[in-house]
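A short write-up of the structure that comes next.
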Amino acid sequence: MLQTKVLIVDDEMEFASTLAERLQIRGYNAKSVYCAEDAIALSRNDPPDVMLLDLRMPGMNGIHVLKTIKQFNPSIQVIMLTGLGASQESAEGMEIGAFDCIMKPVDIEKLVVMIDEAKNKKSEKGV
Amino acid sequence: MGDSGPADMMELRFRFIGRIIAGFTHELKNHLAIIKESGGLQQDLLSMSKKVDSAELHKFLRSVDSQIERGLQLIAFLNRFAHRMDCECSSFSVNEAAEELVALMARHAYQKRIEFTKDFGPGIPPIHNNPSMLQLLIFFIIEEMMDCFEKGGTITVRTSSEKDTIRIAIVPNGNMKELTGKEDYNRVEAVNKICRELLGTVEQKGANGEAVIILTRSAAT
């Protein structure tokens, strides 16, 4: 069975790379990038099944990234990584087509369930 | 917006405090998230191999130590910031007040790809004034500047003193644009109002809009 490809997008490098390592241990093909521009470029060249996207990053914010990605590849399932008090942004993200959101710091077991559900949704859509 | 009355000032102060707390909690949450993931990774590795890799463990402990150190420093800044409101006027170090504000605004600036640099003059004598109001004034000037940057840059906060006068220069460096007047309150008016309360002045210089706050050492009593 093919590994689920997960892309973590967060400007907090240590957080993103450690989370990627934890997902790799759990059998996911997880990578991390630290800016919006790299997330968009990688999503075009090597699209992940599931993207974990921080909503608040310097420069282009997560909502903008989500909109851009949904335009060129709506099949990528996006789970928004939200901080405190980001309910408005989360709601906006859900309207744009995010799969779900999870608050940082994340509970890894909840996150894994969410990633699997997101992957299943992608598979059900047959893309 | 007309002349800022007490109610407007209260609103501005709430907004200021809200911004500072939002930046602080965001930053602290990030440090805790890193500690949580690093600790989780150690648990994962332990449960897989059942033995401790000492190099990995050292890396983890260094990371935790550094995150805690940064978190504690932020907490110290926020605590000092909060206590500045204990009384209206006190003798305080302008350098310390500016340093604390800049540290607490760093997350907000980072989101806009702006970095702060500090150029604090040595031996600046304490000033007797309202420290919280001075921080509010610096905050509004910096916030105005941050909105003018096209694609990030730096803001230098420079302090100096001469005889009975203390100067705080806030110097932007980067491509700047004109504001379109979209801001929902009048910062210039707020700055002038705060200046009057501090019995000081603000001068604007240069093409990039460098701002210089000038205060006398014992303006307020």
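The values are calculated or read from the model by the stated rules, or taken from the named source; none is laboratory data. Predicted model, so just to flag it, every value in this text is computed and none were measured. Cβ atoms come from the backbone with ideal geometry, glycine included; neighbour counts cover every protein chain shown. Quick note on the areas: whole protein, heavy atoms, side chains included, nothing else; ligands and nucleic acids left out. Shrake-Rupley method; radii C 1.70, N 1.55, O 1.52, S 1.80 Å.
Brief remarks on what is shown
- Filter pass, A:M57 being within 14 Å of another protein chain (Cβ to nearest Cβ) and either open to solvent by 20 Å² or more (accessible area, probe 1.4 Å) or hydroxyl-bearing (S, T, Y) (or both): no
- Members of segment B:94-106 that are under 21 Å from B:G200 (Cα atoms) and open to solvent by 40 Å² or more (accessible area, probe 1.4 Å): B:E96, B:E99
- Across segment A:31-46, not a single residue is classified as within 17 Å of A:A118 (Cα to Cα) and within 13 Å of chain B (Cβ to nearest Cβ).
- For segment A:85-119, the candidate set comprises residues that are exposed (fewer than 13 other Cβ atoms within 10 Å of the Cβ) and out of contact with any strand residue (DSSP E or B) (no Cβ under 7 Å at 6 or more places or on another chain); within that set, the residue that is nearest to A:I40 (Cα to Cα) is A:E95.
- Test for B:F116: is it among the aromatic types (F, W, Y) and either closer than 30 Å to B:V188 by Cβ or under 14 Å from the mean Cα position of the chain (by Cα) (or both): yes
- Residues of segment B:176-203 that turn out to be part of a strand (DSSP E or B) and modelled with pLDDT under 85, as a count: 1
- Residue match in segment B:126-142 (condition: aromatic (F, W, Y) and either assigned to a strand (DSSP E or B) or surrounded by fewer than 16 Cβ atoms within 10 Å (Cβ to Cβ) (or both)): no
- Yes/no for B:N130 being more than 15 Å from the chain's Cα centre (by Cα) and more than 14 Å from every other protein chain (Cβ to nearest Cβ): yes
- Matching option when the condition is open to solvent by 30 Å² or more (accessible area, probe 1.4 Å), more than 14 Å from chain A (Cβ to nearest Cβ) and among the basic types (K, R), among B:R80, B:R70: B:R80
- The lone criterion from (1) open to solvent by 30 Å² or more (accessible area, probe 1.4 Å); (2) within 14 Å of chain B (Cβ to nearest Cβ) left unmet by A:K125 is number (2).
- Residues of segment B:7-49 that turn out to be open to solvent by 40 Å² or more (accessible area, probe 1.4 Å) and more than 14 Å from chain A (Cβ to nearest Cβ), as a count: 8
- Every condition in (1) in contact with a Gly (Cβ under 9 Å, 6 or more places away or on another chain); (2) in a loop (DSSP other than H, G, I, E, B); (3) more than 10 Å from chain B (Cβ to nearest Cβ); (4) surrounded by 16 or more Cβ atoms within 10 Å (Cβ to Cβ) holds for A:P74 except the one numbered (4).
- Selection status of B:R158, more than 14 Å from chain A (Cβ to nearest Cβ), within 20 Å of B:G209 (Cα to Cα), modelled with pLDDT of 90 or more and open to solvent by 10 Å² or more (accessible area, probe 1.4 Å): yes
- Those residues of segment A:1-16 which are buried (at least 24 other Cβ atoms within 10 Å of the Cβ) and either more than 10 Å from chain B (Cβ to nearest Cβ) or polar (S, T, N, Q) (or both), in sequence order: A:V6, A:L7, A:I8, A:V9
- Subset of segment A:17-26 (residues that are open to solvent by less than 10 Å² (accessible area, probe 1.4 Å) and within 9 Å of chain B (Cβ to nearest Cβ)): A:L19
- Filtered residue count, segment A:69-84, keeping only those that are among the small types (G, A, S) and out of contact with any strand residue (DSSP E or B) (no Cβ under 8 Å at 6 or more places or on another chain): 1
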